[in-house]
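*Asks:* The structure follows.
The values are calculated or read from the model by the stated rules, or taken from the named source; none is laboratory data. For clarity, every value in this text was computed on a predicted model and none was experimentally measured. Every residue, glycine as well, gets a Cβ built from its backbone with ideal geometry; the counts of neighbours run over all protein chains shown.
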Amino acid sequence: MIFLFFSLLVFSQEISNNKFIRTLILKEIQLKKEIDFKKACSFFIQNNLDSTLVYTAKQLSNKNNTLEIKDFCHYFRARCFIEKKIYDVAKLELNKISNQVEFHYHIVILLGEIALEQQDYKIAIDYFETVEREFIEKHDFNRYYFYQNLGLCYFHTEKFNKAEEYLFRASNFLSEEADTIKTIRLNINIANLYYEQYKDNQAIPYFEKAYALSKKIKNFEIKQNAALNMAVVEENRKDLVKAMMYRKEYDIWKDSLNNQNKIWAVAEIEKKYAVNQKQKEIQLLASENKTKVSQRNGFIVASVLFLLLFGTAFYFYNQKSKTNKIIEAQKDNLDDLNATKDKLFSIVSHDLRSSVNALQVTNDELLKDIANRNFETLDKTAHKNAAIANSTFNLLENLLHWATLQTQQLYFHIESVDLFSVMQQIEYNYKPLFENKNLVFANKIPKATFVLADLDSLKIIIRNLLDNAIKFSNENDTISVYTFDKEAVFHYLVIEDTGIGMDEETRINLLKEGNLLNKKKNQKGIGTGLGLQLCKSMIQKNKGHLAIESYENKGTKIIIALPKLTSNG
């Protein structure tokens, strides 16, 4: 059987639980002298994971902590690591919480859900059965998630009767909530249960119901997976025409090219807004100029002395010259803005046209391969198609960030950031890209390396530089990230690859200011060099600077200097 998407659940206990939030607010008031704990509570309620981890670490370093404070801090950290999908560390934090904590039942549920995510189904069943045996009658928690998770565990251990019992128990609680997304997930899980037992006639109606409901929601991930399940069902039924239709729909939801019109519309609105603003300024200056001319003429008529007339004329002439210079400067500014916008349109139209054309070509090849049943090249063509779509998405994302930065609409919030944690999160997201080229990735950044930076822009910088490192690396190459210190003020973050490198002329051109879209001399495929320009601008906004060391066929080092978190900061 072809593997179908299986709808695993988000953890049942939500951070936004009103009762728990009220408890945290009371703890903040009671323990207001514990500044770090108070900040950790606040950031946890806001779902600011990185800041929560920073301030819980600071609080736990205090040797005078009470058992209650330690329990809450370990709980906060566990929830953050669960959200980041770092489950082994989350388990360590949960096991540090004492048995006396008032929400002990919730700790057991979380341990069961982590075991389910890690596919340790028997261990998960032990945790869930403990909850069902000891806590389910005493505490109020979400029965829908609990019964569905237990049903999934029984499914994966091939206890299908038990799985069916608990999944339908979950449906009893779902009918009270009338939640479309939850209904879709439950239908997919029940469908998979029957499909695994070759009960196609019972399974397919649930797949079809999930697919029909997915049309009513805006969750792209669920839409993709509902369409993918239908494609697999039709492939198993040998109806390749319908399967292809569902595959196309799956690709549509996955494809980010629909952002193209949004970017053009935003750029056009920004251009019109800027032009209108400049025109208003010019009209205002022209109006002021007319008023001054009128005052000068009136003064000349009223004047009876030649010297006074001459002096007044000279005065207003001088004022007019100044006004004209201001108008000329405003006009030059407007011309520069229009040139920049025109260049942006040129980039969007040229590069997106190239990528869309490439997608059309590969789609034609894909359709031919399917029609000819040429399964040997079908996989290669599909991967090629996905690579083009991914590159186009990266281009669109960089263009959107660049446009936002140019119009000064990007908000920067400088705070303390742990470089190791940020890189660990990005490494997890990039793991499939490393595996695709058999690249070895080494995160050598020491733990608790704190810098002052805007977290969102720092992630954009690192992702762009890692994209370049992957693009310009050969099969089986190595990409390393590490830090070094040679000044008291900065941490130096290094992203090093052993790829194709670049010559000295290219390296110098990339570091020049004002070159909007330089390309590397040996660049292949889709790309404009906009990503590196975006990185330079964002590094400057973070009060840092960038350097490049590279040699042809020996690799490249990108060095970013970021301000340290000092004891005074």
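*Asks:* Please determine whether any residue of the stretch 66-83 is surrounded by fewer than 17 Cβ atoms within 10 Å (Cβ to Cβ) and within 28 Å of residue 169 (Cα to Cα).
*Replies:* Yes.
*Asks:* Report, ordered by the first and then the second residue, all pairs with beta carbons closer than 9 Å, sequence separation of six or more or different chains, a first member in the stretch 85-98 that is under 21 Å from residue 427 (Cα atoms), and a second member that is loosely packed, with under 15 Cβ neighbours inside 10 Å and of a type in the set (Ser, Thr, Tyr).
*Replies:* Short answer, once both residue conditions are applied: 85/428; 86/428.
*Asks:* If you take just the helices (runs of 4 or more DSSP H) that sit entirely in the stretch 17-63, which of them hold at least 3 residues that are at pLDDT 85 or above and either of a type outside the set (A, V, I, L, M, F, W, C) or closer than 20 Å to residue 424 by Cβ (or both)?
*Replies:* Working: elements: 18-30, 35-45, 49-60.
Answer list for the stretch 17-63: 35-45, 49-60.
*Asks:* Given the conditions (1) more than 26 Å from residue 474 (Cβ to Cβ); (2) of a type in the set (Phe, Trp, Tyr); (3) not in a helix (DSSP H, G or I), report the number of the one that residue 441 does not fulfil.
*Replies:* (1)
*Asks:* I've got another one for you. Only residues that are within 24 Å of residue 251 (Cβ to Cβ) and loosely packed, with under 14 Cβ neighbours inside 10 Å: list them for the stretch 188-216, please.
*Replies:* Across the stretch 188-216, the qualifying residues are 212, 215, 216.
*Asks:* Right, something else. Which pairs do you get when a residue that is of a type in the set (A, V, I, L, M), found in the stretch 291-308, comes within reach of a residue that is surrounded by 10 or more Cβ atoms within 10 Å (Cβ to Cβ) and at pLDDT below 80, reach meaning Cβ atoms under 9 angstrom, with the pair 6+ apart or on two chains?
*Replies:* 308/299
*Asks:* Go through 466, 510 for me and flag whichever is in contact with a helix residue (DSSP H, G or I) (Cβ under 7 Å, 6 or more places away or on another chain), part of a helix (DSSP H, G or I), hydrophobic (A, V, I, L, M, F, W, C) and at pLDDT 90 or above.
*Replies:* Numbers: 510 fails: at pLDDT 90 or above.
None of the other options fit; the residue is 466.
*Asks:* Residue 154: more than 33 Å from the chain's Cα centre (by Cα), among the aromatic types (Phe, Trp, Tyr) and in a helix (DSSP H, G or I), yes or no? Working first, answer last.
*Replies:* On the way: more than 33 Å from the chain's Cα centre (by Cα): yes; among the aromatic types (Phe, Trp, Tyr): yes; in a helix (DSSP H, G or I): yes.
Spelling it out, residue 154 is indeed more than 33 Å from the chain's Cα centre (by Cα), among the aromatic types (Phe, Trp, Tyr) and in a helix (DSSP H, G or I).
*Asks:* Please determine, by comparing only the residues of the stretch 429-466 that are of a type outside the set (Val, Ile, Thr), over 30 Å from residue 55 (Cα atoms) and touching a residue at least 12 places away in the same chain (Cβ under 8 Å), which one is surrounded by the fewest Cβ atoms within 10 Å (Cβ to Cβ).
*Replies:* Looking only at the stretch 429-466, we keep the residues that are of a type outside the set (Val, Ile, Thr), and these are 429-439, 441-444, 446-448, 450, 452-459, 463-466.
This time we only want the ones that are over 30 Å from residue 55 (Cα atoms), so: 432-439.
Those still in the list that are touching a residue at least 12 places away in the same chain (Cβ under 8 Å) too: 433-434, 437-439.
Working: 433: 15, 434: 17, 437: 14, 438: 11, 439: 21.
Among those residues, the one meeting the criterion is 438.
*Asks:* Mind checking whether some residue in the stretch 118-133 is at pLDDT below 85 and surrounded by 16 or more Cβ atoms within 10 Å (Cβ to Cβ)?
*Replies:* no
*Asks:* OK, next. Read through the list (1) at pLDDT 90 or above; (2) closer than 19 Å to residue 437 by Cα, then give the number of the only condition that residue 523 fails.
*Replies:* All conditions pass for residue 523, except number (1).
*Asks:* Could you count how many residues in the stretch 493-514 are in contact (Cβ under 8 Å) with a residue 40 or more places away in the chain and aliphatic (A, V, I, L, M)?
*Replies:* 5
*Asks:* Which pairs turn up if I take residues in the stretch 551-567 that are assigned by TED's automatic domain parsing to the domain that holds residue 539 and without any contact (Cβ under 8 Å) to a residue 24 or more places away in the chain and look for partners that are of a type outside the set (Lys, Arg) and surrounded by 22 or more Cβ atoms within 10 Å (Cβ to Cβ) with beta carbon separation below 7 Å, at least 6 apart in sequence or on another chain?
*Replies:* If the second residue must be of a type outside the set (Lys, Arg) and surrounded by 22 or more Cβ atoms within 10 Å (Cβ to Cβ), no pairs are left.
*Asks:* Let me ask another. Counting only residues that are more than 26 Å from residue 198 (Cα to Cα) and either at pLDDT 85 or above or part of a helix (DSSP H, G or I) (or both), how many does the stretch 217-235 have? Please lay out each step first, then the result.
*Replies:* Within the stretch 217-235, the first condition is being more than 26 Å from residue 198 (Cα to Cα), and the residues that meet it are 217-221.
In the following step, the residues that additionally are either at pLDDT 85 or above or part of a helix (DSSP H, G or I) (or both) were identified as 220-221.
Number satisfying all stated conditions: 2.
*Asks:* Would you confirm whether or not the stretch 470-485 contains a residue that is out of contact with any His (no Cβ under 9 Å at 6 or more places or on another chain) and assigned to a helix (DSSP H, G or I)? Before the answer, list the steps.
*Replies:* Initially, the stretch 470-485 is screened for residues out of contact with any His (no Cβ under 9 Å at 6 or more places or on another chain), giving 470-482.
Still in the running and assigned to a helix (DSSP H, G or I): 470-471.
Yes: one or more hits.
*Asks:* Considering only the stretch 281-292, I want to know if a residue exists there that is under 37 Å from the mean Cα position of the chain (by Cα), loosely packed, with under 15 Cβ neighbours inside 10 Å and either among the basic types (Lys, Arg) or modelled with pLDDT under 85 (or both).
*Replies:* no
*Asks:* Against the conditions (1) buried (at least 17 other Cβ atoms within 10 Å of the Cβ); (2) at pLDDT 90 or above, where does residue 96 fall short? Just the number, please.
*Replies:* Tallying (1) buried (at least 17 other Cβ atoms within 10 Å of the Cβ); (2) at pLDDT 90 or above, residue 96 fails exactly one: (1).
*Asks:* For a quick check of your reading of the model, give me the residue pairs whose first member lies in the stretch 135-150 and is among the aromatic types (Phe, Trp, Tyr), whose second is not in a loop (DSSP other than H, G, I, E, B), with beta-carbon atoms closer than 6 Å and at least 6 apart or on different chains.
*Replies:* Pairs found: 135/105; 144/170; 144/173; 144/174; 147/166; 147/169; 147/170.
*Asks:* Sticking with this one: Run residue 469 past the list (1) within 14 Å of residue 499 (Cβ to Cβ); (2) surrounded by fewer than 20 Cβ atoms within 10 Å (Cβ to Cβ) and report the number of the one that doesn't hold.
*Replies:* (2)
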